[in-house]
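The structure appears right after this line, and notes come after that.
We did not get these values from a lab; they are worked out from the coordinates using the rules stated. Bear in mind that the values here come from a model prediction, so they are computed numbers and not experimental data. Because the Cβ atoms are built from the backbone with ideal geometry, glycine has one as well, and the counts that use them run over all protein chains shown.
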């Protein structure tokens with residue numbers, strides 16, 4: 001069965017600190033996709049990244065970076081030099097090739113960036 | 001592209017009333033998903049469609065919930081009769097089949113009093 005675990009329910013850091021959001025997933029499939037979505041206080045769900053199971057290269061996009069490690073079934077998300085605008089709920093999610101694009105979401109991590 | 005369009009943005013209704021939520025997917029997207037978000041349960045997939053056909057409705061909580069997709073550009077989620085525990089934010093999302101990753105609508109915040 002598929003499962004996504006985000007053990008950190010809520011994190012608070014002071015602006016300009018780095019912060020890492022953890023994500024651990026479970027799947028029996030060899031081909032799958034991992035995602036991160038951001039939900040700011042306004043409520044919309046914003047797509048951040050998609051990574052397929054065959055690509056373990058880390059990804060960097062500005063202050064955001066993602067560390068995918070199949071050996072530990074983890075797909076962690078780091079924000080460098082955090083800003084108040086990064087305050088949001090962040091969701092990690094999983095989809096596998098055999099499930100018609102269905103995405104299973106973790107419970108989310110609420111991130112507070114304090115000024 | 002206008003993105004995925006949901007209406008209404010907010011809905012307040014009395015217990016027992018029928019509620020209909022609407023979604024217009026992105027043109028060309030042939031997969032559509034309905035999710036419900038609550039504090040307790042997070043984001044739950046209710047039902048999804050491929051090419052207007054319901055594929056998996058195992059997430060629909062009760063028979064009071066029903067969803068239709070009469071054509072490629074429109075879907076509805078209906079709750080009849082509504083109950084206070086149905087209060088949640090309901091999201092619609094769409095994607096091209098085989099392209100993994102959705103575009104979400106802005107959601108409908110439903111309050112049943």
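So what is the relative contact order of region A:54-115, in percent, for Cα pairs below 8 Å that sit 6 or more residues apart?
Numbers: 82 pairs, mean separation 15.2, N = 62.
Relative CO of region A:54-115 lands at 24 percent.
Before anything else, pin down the relative contact order of chain B: Cα pairs under 8 Å, at least 6 apart, normalised by residue count, whole percent. Each step should come with its number before you reach the end.
On the way: 287 pairs, mean separation 42.2, N = 113.
Once normalised by length, the contact order is 37 percent.
Is the shape of region B:6-50 best called rounded, prolate or oblate, per the rule: a/c under 1.5 gives rounded, else a/b larger than b/c gives prolate, else oblate, with a ≥ b ≥ c the square roots of the Cα gyration tensor eigenvalues?
Details: a/c = 2.30, a/b = 1.41, b/c = 1.63.
Oblate.
May I ask you to order B:84-90, A:37-43 by the average number of other C-beta atoms within 10 Å around their residues, highest value first?
Working: B:84-90: 17.0, A:37-43: 15.0.
The densest-packed peptide leads the list: B:84-90, A:37-43.
Considering only C-alpha atoms, what is the centroid distance from region A:54-93 to region B:19-61, in Å?
Using only Cα atoms, the two centres lie 26 Å from each other.
Only Cα pairs under 8 Å and at least 6 apart count here; give the relative contact order of chain A as a rounded whole percent.
Working: 279 pairs, mean separation 43.2, N = 115.
So the answer I get is 38 percent.
Can you pull the mean other chain C-beta count within 10 Å for peptide B:84-93?
1
Inside 10 Å of the C-beta atoms of B:43-50, what's the mean count of C-beta atoms belonging to other chains?
3
I'd like the mean, over residues of B:29-36, of how many other protein chain beta carbons sit within 10 Å of each residue's own Cβ. Each step should come with its number before you reach the end.
Working: counts 0, 1, 3, 0, 4, 0, 3, 0.
Neighbouring Cβ atoms belonging to other protein chains average 1 per residue here.
Going by the alpha-carbon gyration tensor, a ≥ b ≥ c the square roots of its eigenvalues, is chain B rounded (a/c under 1.5) or, if a/c is not under 1.5, prolate (a/b greater than b/c) versus oblate?
On the way: a/c = 1.75, a/b = 1.64, b/c = 1.06.
Prolate.
Using per-residue counts of other Cβ atoms within 10 Å, averaged over each peptide, order B:103-111, B:28-36, A:5-13 from highest down.
On the way: B:103-111: 19.8, B:28-36: 21.7, A:5-13: 13.9.
Order by mean packing, descending: B:28-36, B:103-111, A:5-13.
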